[in-house]
1. Would you grab the residues whose amide H sits under 5 Å from the one on residue 50? Only those 5+ places off in sequence or on another chain, please, with H modelled 1.01 Å from N.
2. With θ set to phi - 60°, apply the Karplus curve 6.51 cos²θ - 1.76 cosθ + 1.60 along the stretch 18-34 and write out the HN-Hα couplings as whole Hz, x wherever there is a Gly or Pro.
3. Mind listing the phi-derived Karplus ³J(HN,Hα) values for the stretch 39-52, rounded to whole Hz, using 6.51, -1.76 and 1.60 with θ = phi - 60°, and x for any glycine or proline?
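Read-outs: derived from the displayed coordinates by stated rules, not from any lab. Just so it is clear, the model here is predicted, and its values are computed rather than measured.
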Amino acid sequence: MKSLPTGTVTFLFTDIEGSTRLVQALGPRYAEVLDDHCRIVRGAIAAAGGTEVSTEGDGCQAAPRGRGLCARLGRGTGPVG
C-alpha cells in the first residue's frame, strides 16, 4: 500500500446509488456491476496519484493528492445512467 498523504487531506467517498434496488433487479449480475464500479474508481484514484484507503460493500474511500483532484474524481465517476 502506498503511504497516506499528510498535511491537509481531502477524502473521497464513493457509493453506488440505489445499490439495494440494483441487487434486487439484477440478482447475480450485480457482481459484475460492482466489479466494474471498483475497477473504474480504482483506475481514477491511481490516475490522480491517490491512495485507496478502504473498500466496503459498494463504497470506496480514497485520499487523492489535492482537493482539485478529489473534485475531478467525483465528477468523473458518476452518476451513470
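1. Correct list: 65.
2. Per residue, the Karplus-derived 3J(HN,Hα) values read x, 5, 4, 5, 5, 4, 5, 6, 9, x, x, 5, 4, 4, 5, 4, 5 Hz.
3. 5, 5, 5, 5, x, 5, 5, 4, 4, 8, x, x, 10, 6
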